[in-house]
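Heads up: the structure comes next, in structure tokens.
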Amino acid sequence: MADWDELSEALGDYTLTCNGNERLRKMQRDWSRNLHFVCSDNELTFSMDVDRGEILSTPSGHVGVPDIVVTTHSEIFCDMFWGDLNPVQKYLRGEITVQGSQEDVMRLDAISAVIWPDV
Amino acid sequence: MTDPSGKQEALEKFATFINPQRVRVMKAAGLDIIESRRSGPWVWDEDGTKYLDCFTSAGSFNVGRRNPRIVAAAHAAVDSLDNGNFLLCSRPKAELAERLAELTPGALSCTMFGTGGGEAIDFAIKLARGATGRPRIISTVNGYHGHTGFALSAGGRASFRDPFEPLMAEFAQVPFGDLQAVEEALDERTAAVLLEPIQGEGGIVCSPPGYLAGVRAACDRAGALLILDEIQTGLGRTGAWWACEHDGVTPDVMTTAKSLGGSLVPISATVFTEELREFLIPSPFIHLSTFGGSDLACAVALEVLAVIEDTGLVEHAAAMGELLFAGLGSIAAAHPDVITEVRGRGLMAGIQYAEDSLGPRMSYHLARQGVLAIYSGNQPAVMRLMPTLIIEQPEIEFLLGAMERAITDLKSGGGPEESAPSRPRRRPARATAG
């Protein structure tokens, strides 16, 4: 079970990786979403504010009205944000659930594929 | 990894020269199939795996894959014809248009050919605007009519439209099945209401009883046309030649495509009344298509219509549909936590799952059981089952058995094998303890 410090570190790395990837930023320039995350094992929650492909913030707790809600184990979140697992495989095993449009689910996987093509 | 069939090489080429994300998504869902042999209701992956095709390119293979009669007609056409000069008059075009006039209901009697469904819808909308002198088109939320200009403007899925705005002006969407919403939207500027009798991409949503007739009457009162998109529902799919026949409703314009090409050639047709054809009399070249209704494609399509008629495929689809729905109903009753509803008509079935992720996950598990089935584009919680209409009872039983086993696998927590990154883990070691 990961605590907020570990999640925060993973989110920090993910933010730097995404925002520092010019190809991704260009590809995602039409994508602005508010994401909410729920850790199913320890009830930690956090949010991600994405504006035209740029991650602006990843605060603890749920902020604003979500476009997408992602729920899974805190360990899976950490591995996912560090790029150590393929999220779509977890999704198709039912270990990650996503409430939102199918386009956004695919978009989240495409982000992972662009920044971690080796996963 | 060995690749005796060369399949991986094909996937890599697809990723490199077409789109890597499509390969990634299909691979993750267990649908990284490179179609090899195709025969009747079946298709084989290049790796040798055999699948019952229940996707059929969204209902494009009604007469079966590589139906021998269609293949023979195509060979005969190739031996003597080519695409033909699109500006010249053509015997195959004339003969196919005559057959469509005979087979479509009511006063539908004139045809414009195209190469695909989007083109057929584009022309239907052009005709509606041109013939009525009105600009407005009313379509439905979650409706699907194709990806071309007018068709996309009428589409009910924002994610397909939004990146390309501004699209065509004067398009509006109302909720499907809501007659009052159509009545309120219709006005003196409305050229046409465009509907699918059963929404396909929208998740196999049947129109409620009386809805089509009500829309027909409302259009008549407003002086607007009714365009029915029978691209997925037509040619016997629902147990009638055209789905609108179940409701006794005749549109002013009807589109057909997909299975008209018999799984071999691209062709679509927009069929309309002689009254509307008046718009085209002073402007006979106002809408042209180089390959629309090519002589080759028309020859094949004529044989498709003959096969459907000669073999009683419409009645067969109705009978097989009854078996399919009875079996799916039993499975749904046994697994209410997975399947909440089964709906559709004939051999156009929609399985409503309890939540969105079950669509992709069941595609994966069904593929493992030898069934190719893909969830709806506009409603991922709905799986479309649209097998070939030549399917027989043993294949229906195979499909139902596969569905049972797939649900068992789903409930047991199975899924794609997890791949580890080819590089060292990035997550700091101190944080890996659970």
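The values are calculated or read from the model by the stated rules, or taken from the named source; none is laboratory data. Values in this document were obtained by computation on a predicted structure and should not be read as measured data. Because the Cβ atoms are built from the backbone with ideal geometry, glycine has one as well, and the counts that use them run over all protein chains shown.
Within the range A:39-66, the set of residues being under 19 Å from A:Arg107 (Cα atoms) and buried (at least 16 other Cβ atoms within 10 Å of the Cβ) comprises A:Ser47, A:Met48, A:Asp49, A:Val50, A:Gly53, A:Glu54, A:Ile55, A:Thr58, A:Pro66.
Conditions tested, residue by residue: (1) in contact with a Pro (Cβ under 9 Å, 6 or more places away or on another chain); (2) outside any loop (DSSP other than H, G, I, E, B); (3) of a type in the set (Asp, Glu).
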| residue | (1), (2), (3) |
| --- | --- |
| B:Ala299 | yes, yes, no |
| B:Val304 | no, yes, no |
| B:Ala318 | no, yes, no |
| B:Glu322 | no, yes, yes |
| B:Phe325 | no, yes, no |
| B:Ser330 | no, yes, no |
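Take B:Thr408 and tell me if it is surrounded by fewer than 20 Cβ atoms within 10 Å (Cβ to Cβ), at pLDDT 95 or above and more than 24 Å from B:Trp241 (Cα to Cα). So B:Thr408 fits the description; yes.
Selection of first residues in the range B:2-18 that are within 15 Å of B:Glu35 (Cβ to Cβ) and of second residues that are at pLDDT 95 or above and exposed (fewer than 13 other Cβ atoms within 10 Å of the Cβ), restricted to Cβ pairs under 8 Å at least 6 apart or on distinct chains, gives the following pairs, ordered by first then second residue: B:Ser5/B:Gly48.
Specify the residue that is nearest to A:Asp67 (Cα to Cα); the eligible residues are those in the range A:86-97 that are at the interface with chain B (Cβ under 7 Å from one of its Cβ atoms) and either touching a residue at least 12 places away in the same chain (Cβ under 8 Å) or of a type in the set (Gly, Ala, Ser) (or both). Looking at the filtered set, the residue picked out is A:Thr97.
Among B:Leu87, B:Leu11, B:Leu100, which is within 18 Å of B:Ala269 (Cα to Cα) and more than 23 Å from the chain's Cα centre (by Cα)?
Going through B:Leu87, B:Leu11, B:Leu100 in turn, just one is within 18 Å of B:Ala269 (Cα to Cα) and more than 23 Å from the chain's Cα centre (by Cα): B:Leu87.
Out of A:Asp104, A:Asp3, A:Asp13, one residue alone is touching a Leu at 6+ places or on another chain (Cβ under 9 Å), over 30 Å from B:Tyr375 (Cα atoms) and within 11 Å of chain B (Cβ to nearest Cβ). It is A:Asp3.
Filtered by the rule that a residue be assigned to a loop (DSSP other than H, G, I, E, B) and out of contact with any helix residue (DSSP H, G or I) (no Cβ under 6 Å at 6 or more places or on another chain), the range B:186-207 gives B:Asp187, B:Glu188, B:Arg189, B:Glu196, B:Gly200, B:Glu201, B:Gly202, B:Gly203, B:Ile204, B:Ser207. Only one entry of B:Gly59, B:Gly40, B:Gly30, B:Gly48 meets the criterion of being of a type outside the set (S, T, N, Q), more than 23 Å from the chain's Cα centre (by Cα) and either surrounded by 14 or more Cβ atoms within 10 Å (Cβ to Cβ) or not assigned by TED's automatic domain parsing to the domain that holds B:Thr256 (or both), and that entry is B:Gly48. Screening B:His75 against (1) surrounded by fewer than 20 Cβ atoms within 10 Å (Cβ to Cβ); (2) within 30 Å of B:Leu400 (Cβ to Cβ) leaves a single unmet condition, (2).
When the range B:1-21 is filtered for residues that are more than 10 Å from chain A (Cβ to nearest Cβ), under 17 Å from A:Ala113 (Cα atoms) and of a type outside the set (A, V, I, L, M, F, W, C), the ones remaining, listed by number, are B:Glu12, B:Thr16, B:Asn19.
Checking the conditions here, which among B:Ile331, B:Ile281, B:Ile339 is among the β-branched types (Val, Ile, Thr), surrounded by 22 or more Cβ atoms within 10 Å (Cβ to Cβ) and over 21 Å from the mean Cα position of the chain (by Cα)? Exactly one of B:Ile331, B:Ile281, B:Ile339 is among the β-branched types (Val, Ile, Thr), surrounded by 22 or more Cβ atoms within 10 Å (Cβ to Cβ) and over 21 Å from the mean Cα position of the chain (by Cα), namely B:Ile339. For B:Cys206, all conditions in the list (1) away from chain A (no Cβ under 14 Å); (2) over 20 Å from B:Ile231 (Cα atoms) hold save one; what is the number of the exception? Every listed condition holds for B:Cys206 apart from (2).
Criterion applied to B:Gly214, B:Gly177, B:Gly203, B:Gly234 was being within 26 Å of B:Leu313 (Cα to Cα), assigned by TED's automatic domain parsing to the domain that holds B:Ile137, among the small types (Gly, Ala, Ser) and free of Cβ contacts under 8 Å to residues at least 60 places away in the same chain, and the one residue passing it is B:Gly234. Of the numbered criteria (1) within 14 Å of another protein chain (Cβ to nearest Cβ); (2) in contact with a His (Cβ under 9 Å, 6 or more places away or on another chain), the one A:Thr72 fails is (2).
Here is a yes/no grid of residues against (1) aromatic (Phe, Trp, Tyr); (2) touching an Asp or Glu at 6+ places or on another chain (Cβ under 8 Å); (3) surrounded by 13 or more Cβ atoms within 10 Å (Cβ to Cβ); (4) within 14 Å of another protein chain (Cβ to nearest Cβ):
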residue: B:Pro380; (1), (2), (3), (4): no, yes, yes, yes
residue: B:Pro387; (1), (2), (3), (4): no, yes, yes, no
residue: B:Glu395; (1), (2), (3), (4): no, no, yes, no
residue: B:Met403; (1), (2), (3), (4): no, no, yes, no
residue: B:Pro421; (1), (2), (3), (4): no, yes, yes, yes
residue: B:Ala429; (1), (2), (3), (4): no, no, no, yes
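Of the strands (runs of 3 or more DSSP E) lying entirely inside the range B:334-410, those containing at least 1 residues that are closer than 26 Å to A:Gly100 by Cα and among the aromatic types (Phe, Trp, Tyr) are B:348-353. Exactly one residue out of B:Thr290, B:Thr255 is farther than 17 Å from B:Gly59 by Cα and of a type in the set (Val, Ile, Thr), and it is B:Thr290. Kindly indicate which of B:Val271, B:Val249 is of a type in the set (A, V, I, L, M, F, W, C), in a loop (DSSP other than H, G, I, E, B), out of contact with any Asp or Glu (no Cβ under 6 Å at 6 or more places or on another chain) and at negative phi. Result of the check over B:Val271, B:Val249: B:Val249. Take A:Phe46 and decide whether it is closer than 28 Å to B:Arg157 by Cα, touching a helix residue (DSSP H, G or I) at 6+ places or on another chain (Cβ under 7 Å) and more than 13 Å from chain B (Cβ to nearest Cβ). Considered against the rule, which asks whether it is closer than 28 Å to B:Arg157 by Cα, touching a helix residue (DSSP H, G or I) at 6+ places or on another chain (Cβ under 7 Å) and more than 13 Å from chain B (Cβ to nearest Cβ), A:Phe46 comes out as no.
Among residues belonging to the range A:14-38 that are under 19 Å from A:Cys78 (Cα atoms) and hydroxyl-bearing (Ser, Thr, Tyr), point out the one that is surrounded by the most Cβ atoms within 10 Å (Cβ to Cβ). Out of the qualifying residues, it is A:Tyr14.
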